[in-house]
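Before any comments, here is the structure.
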Amino acid sequence: MTTVFTAKRTPVHRGPAAWSAILPGQDAIVELREDLSADFVVIGAGFAGLSAARRLTELAPEAKIIVLEAGRLAEGACARNSGFMIDLPHEIGGQGYSGNGAARNRAQIALNRQAIGFAKSAVEAYDIDRNFFDPVGKVNGAVSGKADSLNRSYAADLAQIGEASEYLDAKAMAEMTGSRHYVSGLFTPGTVMIQPAGYVRSVAQGLRRDGVAIFEHAPAVKVENTGAGWTVSTATNRVSAGKVIFANNGHLESFGFARQRLMHIFLYASMTVDLAGDVLKKLGGVPRWGITPSDPMGTTMRRIDGPLGGNRIVTRTCASFLPEMLPSETALQRAAKVHRRKFADRFPALSDVPMEFTWAGHLCLSRNGVAVMRELEKNLFSACGCNGLGTVRGTQIGMGAAELACGVTSDITRHFTAEEEPTQLPPPPISTFGANIYLRWKEWMAGKE
Ligand SMILES: Cc1cc2nc3c(=O)[nH]c(=O)nc-3n(C[C@H](O)[C@H](O)[C@H](O)COP(=O)(O)OP(=O)(O)OC[C@H]3O[C@@H](n4cnc5c(N)ncnc54)[C@H](O)[C@@H]3O)c2cc1C
């Protein structure tokens, strides 16, 4: 019997992948120009896909591994984020940070740290520029008294499970950021700040040196099983493989899986021009910092310096629910205006500094916060649906799918295979309308955070 899964759509991006654009040019593109066979084919070269490929090299060192990426390396969501690899729970759409039980939090933290450890081992093995993977921690910024108390109760929750944090007052926040916007902050040391495009490109280079074939501009459009194993087709060629791993984020649904169960959220961010010396003097503060908002729907801010691609500030806020996975130019323009306002609120003296880039990126959530990391059909696996912290969760589910494909059981496989199915969403347009109203309301509630 033949089983066929055909892609209804492949990724379309809105705005540039800024983290890639600020680095020196990429290696020459490697395209798929012939039919090939492999032991494993991985679809998608983001955090999940590259982590799956790397875990496969560990578990099956002799295996032939092929990765197919729809676009260029480091131009999808993996290079459109804010670059916080966070070890502590942070639930988008949840009741803040401290709603879970202590045991669940501890287990989640252990899994997150395992993924960060795996990323660190790639950085060491491939001798990746340490500026691209900087274990400096991050700050949860508070703008209002309410957010300040949230931070204080978050600190108390962390202390209860033996996790360190440091309270920063308004003066310390101003000394760090150059902004008087924050009333306080909570520093936690376990976050790694990555240059996402630098990290992803370098992991891909390391994998290639280790014999993994990674093809770009190679969107998988059909995955079929004729009884003799799986064949993945692109527009021009076919790759046959014993086992296939979908690591293509929300585009798993484009192949007909988890239909109407995945929430396709697009987040937006802007990055300033490279700040000139006189602007930096006016700004003050230290050259690198990262601030997540105390309210998950608030604004994430990050400052970077030269080795990461220039002295720049990144502002991330605004979200839309787009089941068709196509962010519009209008939504991008709206987000750009909000970013300008949020930036000016924080840095009034810099309000005329231009933004060089504004972009949208795809985040795949489920209502019940679960991923789709399992065997979908015999020898067909999935590592999709990161639910927010995709740098870490994507790494976890990629590792886990590779382990499942190799018959290995671990804490990661046990955790994700025990999860329920993603909850069914109401049909569109109810879901689209309802979710977008909800997101705008949450944005409004987040106020100046
Ligand atoms: C503005 C913004 C800020 C964010 N900030 C953070 C943050 O600070 N920390 C954090 O942890 N997360 C953050 N995220 C989320 C994070 O970027 C994503 O969750 C993460 O990239 C998901 O990783 P992934 O590997 O699952 O998917 P992706 O990174 O999307 O990788 C999937 C890849 O599959 C490819 N693909 C899709 N379909 C096909 C196909 N048919 N054939 C071949 N290839 C295909 C895509 O081109 C893509 O490269 C942010 C996201 C955005 C948009």
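The values are calculated or read from the model by the stated rules, or taken from the named source; none is laboratory data. On a predicted model such as this, the values are computed, not experimentally measured, just so you know. Note: ideal-geometry Cβ built from the backbone for every residue, glycine included; neighbour counts use all protein chains shown. Note: areas computed on protein heavy atoms with side chains; ligands, DNA, RNA excluded. Shrake-Rupley method; radii C 1.70, N 1.55, O 1.52, S 1.80 Å.
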Once you order the gyration tensor axes a ≥ b ≥ c over the Cα atoms, which shape class does region 341-422 get: rounded for a/c under 1.5, otherwise prolate or oblate by comparing a/b with b/c?
prolate
Dividing the mean separation of Cα pairs under 8 Å (6+ apart) by the residue count of region 27-148 yields a relative contact order in percent of 17
What is the dipole size for the chain, taken about its Cα centre, with +1 at each Lys and Arg Cβ and -1 at each Asp and Glu Cβ, in debye to the nearest 20?
940
Most fluctuating residue of 412, 430, 265 in a GNM of the chain with Cα springs under 10 Å: which is it?
430
Quick one: length gained pulling residue 171 to residue 280 fully straight, 0.36 nm per residue minus the C-alpha distance?
37.4 nm
Take the alpha carbon atoms of region 51-85, find their center, do the same for region 245-319, and report the distance between the two centers in whole angstrom.
20
Can you tell me the accessible area per residue over region 297-359, all protein chains present, probe 1.4 angstrom, in square angstrom?
36
Ranking by accessible area, most exposed first, for 1, 445, 301 with a 1.4 Å probe:
1, 445, 301
Relative contact order in percent for the chain (Cα pairs under 8 Å, 6+ apart) equals 25
Given the rule -39500 (n - 2.57) for each run of at least 4 DSSP H residues, summed and divided by the residues of the chain, what is its mean residue ellipticity at 222 nm, to the nearest 500 deg cm²/dmol?
-10000 deg cm²/dmol
Round to the nearest 10 and give me the degree value, 0 to 90, for the angle of helix 145-160's Cα axis relative to the longest principal axis of the chain.
60
Largest first, please: the extent of the C-alpha atoms of the chain along each principal axis, to the nearest Å.
66, 45, 43
About its Cα centre, region 9-91 carries a charge dipole, from +1 on Lys and Arg Cβ atoms and -1 on Asp and Glu Cβ atoms, whose size in debye to the nearest 20 is 300
Expressed in nm to one decimal, what extension gain is obtained for the pair residue 28 and residue 430 from 0.36 nm per residue of sequence separation less their Cα-Cα distance?
140.2 nm
Scattering curve values for region 266-418, log₁₀ I(q)/I(0), Debye with Cα scatterers, q = 0.13, 0.14, 0.18 Å⁻¹
-0.73, -0.80, -1.04
The chain, Gaussian network, Cα under 10 Å: of 221, 279, 353, the residue fluctuating most is 279
If you roll a 1.4 Å probe over the chain with all protein chains in place, what percent of the accessible area is carbon or sulfur?
54
Distance cut-off 18 Å, percentage of C-alpha pairs in region 103-245 lying past it:
71
Can you work out the accessible area per residue across region 111-208, with the rest of the protein chains kept in place, probe 1.4 Å, in square angstrom?
39
